[in-house]
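See below for the structure under consideration.
What follows draws every value from the coordinates through simple rules; no lab data is involved. In this text the structure is predicted, and so the values were computed from the model without any measurement. Neighbour counts are summed over all protein chains in view; Cβ atoms, including those assigned to glycine, are modelled from backbone coordinates with ideal geometry.
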Amino acid sequence: MRRADDHDGARLWAVVSRTIRPFPGRSPAPPPTASLGGPLAAPAKPRVRGSSDPARKEASGPVPAIEPGRRRKLEKAADPASRLDLHGQNHDGARDLLTRFILLRHAEGRRSVLVITGRGALGQGVLRRHLPEWLAQPPLRGVVAGVSEAHRRHGGEGAFYVALKRLARG
C-alpha cells in the first residue's frame, strides 16, 4: 500500500536533485527509491538459491551474543589479556586497526579481546554503533564467535567483549 505523501516525496526529490551539485570526484546520490514504491522503485533483484558466493554466506547476519557462561568468565577476569582502545580514531582508521588487531590476536590463539570504543556524545558514538557491523563482515566474521557489551569495570557501554573462535588445526 502506498502512502499518500509518496508523490510529494518524489517531487521534492526531483527539485532537490536539480539544485545540488556533488563534491568534486563524486557522483550524485541516487534517488531514495526503496521508500517510494510504485514506478520509481528499482526492480528487485532475483534471489539465487544456493549461491556459491562465500562472502555472502559469511555476512549472513549479525554476530551472536557471547554465551552466558563465557561472558561471566570475562566479567570476572581482573583484566582482559588483550585490549584495543579506539578512542580518538576516525571511522576508517578504527576499522582498519580493529581488523588487524583481531586477526593478529586470533592467530596468536587468543579466545577473547576487549575493544574500547567509548560511548560517544549522548551514547550514540559512531565507533560504538558500527563495531557490531564490522565484526559481522569479512574477514572478521570468520574468526568472531560472539560480541557483548562489557562489564562496567571494563568500560560498560563504551566497551565490548569479543569472543574469538578456536584456531583451525591442520
Filter pass, Gly109 being over 19 Å from the mean Cα position of the chain (by Cα), on the phi > 0 side of the Ramachandran plot and surrounded by fewer than 18 Cβ atoms within 10 Å (Cβ to Cβ):
yes
Number of positions in the range 91-113 that are under 10 Å from Leu140 (Cβ atoms) and among the charged types (D, E, K, R):
1
Residues of the range 94-113 being over 14 Å from Arg128 (Cα atoms) and part of a helix (DSSP H, G or I), in sequence order, are Asp96, Leu97, Thr99, Arg100, Phe101, Ile102, Leu103, Leu104, Arg105, His106, Ala107
